[in-house]
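The values are calculated or read from the model by the stated rules, or taken from the named source; none is laboratory data. Quantities reported herein were computed from a predicted structural model and do not represent experimental measurements. Cβ coordinates were reconstructed from backbone atoms using ideal geometry, including for glycine residues, and neighbour counts include every protein chain displayed. Please note that ligands, DNA and RNA were not included when accessible areas were found on the heavy atoms of the full protein model with its side chains. Shrake-Rupley method; radii C 1.70, N 1.55, O 1.52, S 1.80 Å.
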Amino acid sequence: MIKNNPLLLSLFEWFQNLPDPRSRRKKAYDHAEILALLTIGILAGKVSLRRIRAVCEKNMEKIRRYMPLKNGIPSISTMSRMLSSIDTELLCLSFMTWVGTYLDTRGRDIAIDGKGLRAGTRKIRGEKTPYILNAMDTETKLVVGQWPINEKTNEAGALPEFLEMMQLDGSTVTIDAIGTTGNIMEKLHQVGAHFVLQVKKNCPALYKEIMDLFEGLEEEKKEDAEAFQKKYGEFCSEYKPGLEVNRERKEYRRVMEYHEPEGIKAFQEERPYIKCVGKSWQVRVEKIVDSEGNDVTPCLKEFLKKGSEKQPLPKEGDGMNDTIQCAGIISDTVLSAEELARIKRRHWLIEGSLHGVLDGAMGEDKSKVKNGREALSVLRKCAYNIARILQRIKYNTEKLMVDIFDEITEDLSLGMKYLFKSVPLIK
């Protein structure tokens with residue numbers, strides 16, 4: 001039961017409102033304090049329970065300014081038992097409700113993607129890598145939801161229930177190709193969300209339909225561009241962003257979009273919510289530098305014709321490892337090619353801005369905690385969001401997350417501020 005106005009509760013108070021999963025006999029340590037200590041240890045950059053406990057013990061007097069810790073810091077086994085026994089789904093819901101007190105998740109671009117807890121796999125039992133679903137607001141880069149994937153199902157099987165748990169009215173949800181199924185589109189419609197979904201070769205029939213459609217459109221355009229414009233101009237658009245260059249490669253992108261009602265009728269027979277379709281084409285050319293440091297990377301036209309010494313045979317496919325990536329896009333809203341390109345690009349922020357931080361700055365892929373690993377992952381998202389909030393409020397997003405965590409490690413009160421106090425509303 002909620003004790004106070006939920007819009008004024010801190011994360012610690014949400015922990016207090018969770019039922020204590022342990023037996024009713026007298027307990028030496030408060031369950032909310034244990035969860036808070038674990039979150040503090042994660043904020044301090046610690047991965048193992050032993051190191052989490054050590055950093056909390058070292059900073060015990062500082063932590064006591066926020067909570068009593070009558071019996072000091074609990075043992076590693078007590079922390080482990082708490083993680084193992086707590087209701088993970090209830091913890092996920094509590095986390096999502098806490099996020100909802102400072103961020104309205106409705107009407108936003110929400111990226112959803114699965115992530116493995118690789119080091120948490122019980123190899124002796126031949127267990128599969130445990131996976132969780134993460135949802136991130138692509139504008140603020142805050143995690144807005146997490147949901148465990150049961151070992152007997154997969155991402156697609158867990159998605160409908162996850163979507164029901166979140167507030168997504170008017171939001172545009174993006175999911176990788178695994179989410180491109182009829183029942184997920186139906187569920188998104190039921191919860192009032194829009195979608196922009198990728199179509200890859202794991203949906204062979206739909207993928208071929210989209211590729212054939214755009215191949216035909218491009219042929220018509222080549223034959224007579226003026227006639228094509230008259231026939232399809234108001235129903236078709238194309239977007240080519242500028243060449244993107246980084247230290248390792250050059251990237252060329254092109255997106256086409258089509259929404260003529262008669263032309264997409266065949267797509268709507270089994271998928272009535274589709275209002276427009278698109279095709280995304282992307283080429284990655286690895287940079288080549290000669291002995292004098294000069295850039296001798298071939299241009300796009302030359303590369304497609306001959307390849308390069310690093311990529312002799314450019315391969316076309318729909319995977320991240322393919323040199324030429326070609327994927328379909330479907331949306332329940334009529335969007336321009338530029339809008340589709342923007343939304344598709346922002347979806348992959350979840351890889352670099354969330355998963356990259358979880359593994360790089362927070363060591364999630366190194367965490368060997370197996371008992372209660374999903375619960376610990378939720379607490380990791382709590383710590384991640386606190387660091388993001390600090391980054392946003394104190395540094396106006398200019399400071400890197402790895403530097404934020406370094407600062408919190410040096411002064412734990414920076415992180416504890418938003419653990420024990422309510423977070424200001426984020427717009």
For 48-56, 134-142, 260-268, ranked highest to lowest by mean beta-carbon neighbours within 10 Å, the order is 134-142, 48-56, 260-268
Expressed per residue, the solvent accessible area of the chain in Å² (1.4 Å probe) is about 49
Expected vector for segment 182-196, Karplus 3J(HN,Hα) from phi with 6.51, -1.76, 1.60 and θ = phi - 60°, integer Hz, x for Gly and Pro, equals x, 6, 6, 4, 4, 5, 4, 5, 5, 8, x, 9, 9, 9, 10
Once residue 60 and residue 410 are pulled to full extension, the length gained, defined as 0.36 nm per residue separation minus their Cα-Cα distance, is 124.6 nm
Rounded to a whole %, the carbon-and-sulfur portion of the accessible area of the chain at a 1.4 Å probe is 48
Checking rank on 90-96, 324-330, with mean other Cβ inside 10 Å and highest first, the result is 324-330, 90-96
Any GluC sites (Glu not before Pro) in segment 304-412 that lie in a DSSP loop and have at most 15 other Cβ atoms within 10 Å would be 309, 398
Whole-Å distance linking the alpha carbon centroid of segment 286-301 with that of segment 338-361 is 28
Under 15 Å between C-alpha atoms, the lysine pairs in segment 28-181 lying 8 or more places apart or on different chains count 4
Mean Cβ-within-10 Å packing, highest first, puts peptides 31-39, 249-257, 227-235, 377-385 in the order 377-385, 31-39, 249-257, 227-235
Of the residues 378, 203, 181, the Cα lying farthest along the dipole of the chain towards its positive end, which is defined by charges on the beta carbon of Lys, Arg, Asp and Glu, belongs to 378
The relative contact order of the chain, taking Cα pairs under 8 Å that sit 6 or more residues apart, comes to a percentage of 22
